[in-house]
Amino acid sequence: MGSKRAMLGNGLGEALGRSLSEAKRVFDLFTGSGAVAWHVAERYKHEVLACDLQQYSVVLAASVIERTSPITDRDWVERWMRRARARVSAHKDWKIIKELQRNLKQLSAQEAAAGAHEIVFDKRYPLSQAYGGYYFSPLQSLWLDALRASLPTEDDLRNVALAALIQTASRCAASPGHTAQPFKPNATAGKYLIEAWARDVAAIVRARIDDIAPRSASTKGKAHCTNALELAEEAQAGDLVFLDPPYSGVHYSRFYHVLESVARGEVGEVSGSGRYPDRSERPASDFSMLTTSKRAFDELLATLARKKASVIITFPAGKASNGLSGDDVKALAADHFKIEEEKVSSRFSTLGGDLKHRVARQQADELILTLSN
């Protein structure tokens, strides 16, 4: 999360600005962290329509693009915190959970993990049941459950609160870059696990609200949980469509399943080192699969060309693990559009890294293609 936010200050923002001067609406068809949807909605008077297969992305985008007024009141935050605090302190092992959190930095990672795994959470605490003692300390997961269960009911406040909670889970997760699997409580990764477990969930939620709540769209937009091809059918002549399609051969739902669980408020059975939910609970994209990525991208571009929309694409310049390269993307684009501008920018995440073969973030060239009919 965040690579598009960096690119907005390194070429992408300028490309969007030039194309927006003649655009009617803006589509963000793989919205991810919502960074591009926010950028356009806040700065320009265009309706923004965003979509993603994952609910957490839709919540993040909606928290800004579906609201045309900043939220200045913070009394609702304190009411939300009080409701959550009551749920936290009502847990039968509250004193043990609080004591473990207080002593975290005096314990080894092995001792902390052992203590965490002795605490039992029932189905009333789905996030804690799945992730407590792994991605989060028992106190962190208990707070996440309590805050998720006591969200405000008013739509705008609920969207902001849930977006803040999702961002907080991302910042607190004890995992290398993305939530593919948690740090192990061993000599190598144990210190990072303790550091992550020590983060204050409630304080980070407040900080995220302070960032999100003052933001708003100039024109009210809409975020949809659907695939890109479906929303692309709604495009019209004069619309600008931003495409940042998946480049990983592994479905992104594997890397962001914890955030998706926070968005949904439920998890179900989990398994494996990553505490993954069942595959049926994780959305799959044709854009990520070696056998279908080229066809899916070609179909999407053909649809947008037929709709006479303008397009901006970002994609790694080299070979990506879903089988496409920057050259492939350019060739597909040239079959349907005139390539007006090509730039190279930014860096991208390897979705975690493994220390032996790659670090979590690598410098890499990324294409920015501006297309017109």
*Go through Lys4/Lys24; Lys123/Lys220; Lys184/Lys343; Lys92/Lys191; Lys4/Lys92; Lys98/Lys220 and tell me which ones have a Cα-Cα distance over 32 Å in this structure.*
Lys123/Lys220; Lys184/Lys343; Lys4/Lys92; Lys98/Lys220
*asked:* Let me check against my output: what whole-number percent is the relative contact order of the chain, with C-alpha pairs under 8 Å and at least 6 apart?
replied: 21 percent
*asked:* Once you order the gyration tensor axes a ≥ b ≥ c over the Cα atoms, which shape class does region 288-350 get: rounded for a/c under 1.5, otherwise prolate or oblate by comparing a/b with b/c?
replied: oblate
*Calculated [θ] (222 nm, deg cm²/dmol) that DSSP helices of n ≥ 4 give over the chain, each run adding -39,500 (n - 2.57)*: -12500 deg cm²/dmol
*What fraction of the DSSP beta bridges in the chain is antiparallel, stated in percent and rounded to the nearest 5?*
55 percent
_Average accessible surface area per residue within the chain, 1.4 Å rolling probe, Å²_ = 44 Å²
*asked:* Calculate the FRET efficiency for Gln110 and Arg199 from the Cβ-Cβ distance with a Förster distance of 30 Å, rounded to the nearest 0.05.
replied: 0.90
*Could you run the Karplus curve 6.51 cos²θ - 1.76 cosθ + 1.60 with θ = phi - 60° over region 201-211 and give me ³J(HN,Hα) per residue in whole Hz, x for Gly and Pro?*
4, 4, 5, 5, 4, 4, 5, 5, 4, 4, 7
_Sorting check: for 207-218, 13-24, which peptide has the highest mean count of neighbouring beta carbons within 10 Å, and how do the rest follow?_
207-218, 13-24
*Carbon and sulfur: what percent of region 56-108's accessible surface (1.4 Å probe)?*
51 percent
*How much space per residue, in cubic angstrom, does the convex hull of the C-alpha atoms of the chain take up?*
126 Å³
*Which whole-Hz couplings ³J(HN,Hα) result when phi for each residue of region 71-80 is put into the Karplus expression 6.51 cos²θ - 1.76 cosθ + 1.60, θ = phi - 60°, listed in order with x for Gly and Pro?*
9, 9, 5, 10, 4, 4, 5, 5, 5, 4
*Under the classification rounded if a/c is under 1.5, otherwise prolate if a/b is larger than b/c and oblate if not, where does region 47-204 fall, given a ≥ b ≥ c as square roots of the Cα gyration tensor eigenvalues?*
prolate
*Amide H neighbours of His224 under 5 Å, counting only residues 5+ apart in sequence or on other chains, H built in-plane at 1.01 Å?*
Ala50, Cys51, Asp52
*Assuming a ≥ b ≥ c are the square roots of the Cα gyration tensor eigenvalues, decide whether region 191-269 counts as rounded (a/c under 1.5), prolate (otherwise, with a/b larger than b/c) or oblate.*
oblate
*For region 229-235, just list the computed ³J(HN,Hα) in residue order, Karplus coefficients 6.51, -1.76 and 1.60, θ = phi - 60°, integers in Hz, with x standing in for Gly and Pro.*
5, 5, 5, 4, 5, 8, 5
*Could you give the angle, 0 to 90 degrees to the nearest 10, between helix 293-306's Cα long axis and the longest principal axis of the Cα atoms of the chain?*
50 degrees
*Give, as a single signed number, the net charge of other residues whose beta carbon lies under 13 Å from the beta carbon of Ala112, with Lys and Arg counted +1 and Asp and Glu -1.*
0
*Which cross-chain or sequence-distant (5 or more) residues have an amide H under 5 Å from the amide H of Leu243, H modelled 1.01 Å from N in plane?*
Ile312, Ile313, Thr314
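The values are calculated or read from the model by the stated rules, or taken from the named source; none is laboratory data. As the structure is a prediction and not an experimental result, all values here were calculated from the model. All Cβ positions, even for glycine, are placed from backbone atoms using ideal geometry, and neighbour counts span all protein chains on display. Surface accessibility is based on the protein's heavy atoms, side chains included, excluding ligands, DNA and RNA. Shrake-Rupley method; radii C 1.70, N 1.55, O 1.52, S 1.80 Å.
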